[in-house]
Amino acid sequence: MKVSVRLKQIDRISGKETILVQGPGLLNGNRLLYPESSHAVQSVTFDDEEIILERKADVVSRTVLRKRGRGKSFIDSEYGRLELETELSRYEKNDTVWLVEYRVLSGDEPVLDQILIWETGPAGPAAR
C-alpha cells in the first residue's frame with residue numbers, strides 16, 4: 001500500500017532532532033520501504049524476534065535489533081565490512097507510528113545512540 005512517510009531521528013548524545021525523510025513509501029505488513037534520495041533506498045521490518053533496518057546506496061548497511069539480547073550492525077563499503085553490536089532499548093509499532101530506540105556499540109562504548117520515529121499516513125495525490 002502506498003503511504004506517506006516522515007522519519008525523525010533524535011540523537012540521544014547531542015539531543016539534536018532531524019527530519020531525515022519526508023515523502024512517499026510502500027507499506028507491506030510489517031515492512032516499510034521508502035527512498036531516502038534518488039540514490040538510496042531504506043526499509044524497516046518488524047519481525048517477531050527482531051527489527052531490521054536496511055539502507056541500500058553506495059554504502060550498504062543492515063542493522064539487526066534483537067528484542068532479546070544484542071544484535072549486529074553490518075556496514076559494507078568499498079573499504080570492506082564493518083561489524084558492530086547493537087542494543088535495542090525500546091520499540092513501538094502501531095497503525096501510524098513505528099519507533100526504535102537503540103545504540104550501536106564498539107566494544108561496550110556507544111558510537112550511536114538514537115531514536116528513530118517513522119510516521120505513516122495516507123499517500124499524497126502524487127503517490128496515488
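The values are calculated or read from the model by the stated rules, or taken from the named source; none is laboratory data. The structure presented is a predicted model; accordingly, all values stated were derived computationally and were not measured. When we count neighbours, we look across all protein chains shown, and the Cβ atoms used for this are built from the backbone with ideal geometry, even at glycine. What goes into the accessible areas is simple: the full protein's heavy atoms, side chains included, and nothing from ligands, DNA or RNA. Shrake-Rupley method; radii C 1.70, N 1.55, O 1.52, S 1.80 Å.
Some values worked out for this structure:
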{"quantity": "Condition broken by G69, with the remaining ones in (1) of a type outside the set (D, E, K, R); (2) at pLDDT below 95; (3) in contact with a Ser or Thr (Cβ under 6 Å, 6 or more places away or on another chain) satisfied", "calculated": "(3)"}
{"quantity": "Candidates K2, K56, K8, K93 - the one that is of a type in the set (K, R) and over 15 Å from the mean Cα position of the chain (by Cα)", "calculated": "K2"}
{"quantity": "Per-region count, the range 96-109, residues exposed (fewer than 15 other Cβ atoms within 10 Å of the Cβ) and either in contact (Cβ under 8 Å) with a residue 12 or more places away in the chain or assigned to a strand (DSSP E or B) (or both)", "calculated": "4"}
{"quantity": "Residues satisfying the stated conditions in the range 74-93, i.e. under 18 Å from E49 (Cα atoms) and of a type in the set (K, R)", "calculated": "R90, K93"}
{"quantity": "Among the residues listed as L84, L65, L88, L20, the single one being under 29 Å from G124 (Cβ atoms) and of a type in the set (A, V, I, L, M, F, W, C)", "calculated": "L20"}
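Quick grid of which residues meet (1) open to solvent by 90 Å² or more (accessible area, probe 1.4 Å); (2) without any contact (Cβ under 8 Å) to a residue 40 or more places away in the chain; (3) not in a strand (DSSP E or B):
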{"position": "L7", "(1), (2), (3)": "no, no, no"}
{"position": "S14", "(1), (2), (3)": "no, yes, yes"}
{"position": "P24", "(1), (2), (3)": "no, no, no"}
{"position": "L33", "(1), (2), (3)": "no, yes, no"}
{"position": "V41", "(1), (2), (3)": "no, yes, no"}
{"position": "E54", "(1), (2), (3)": "no, yes, no"}
{"position": "D58", "(1), (2), (3)": "yes, yes, yes"}
{"position": "R68", "(1), (2), (3)": "yes, yes, yes"}
{"position": "K72", "(1), (2), (3)": "no, yes, no"}
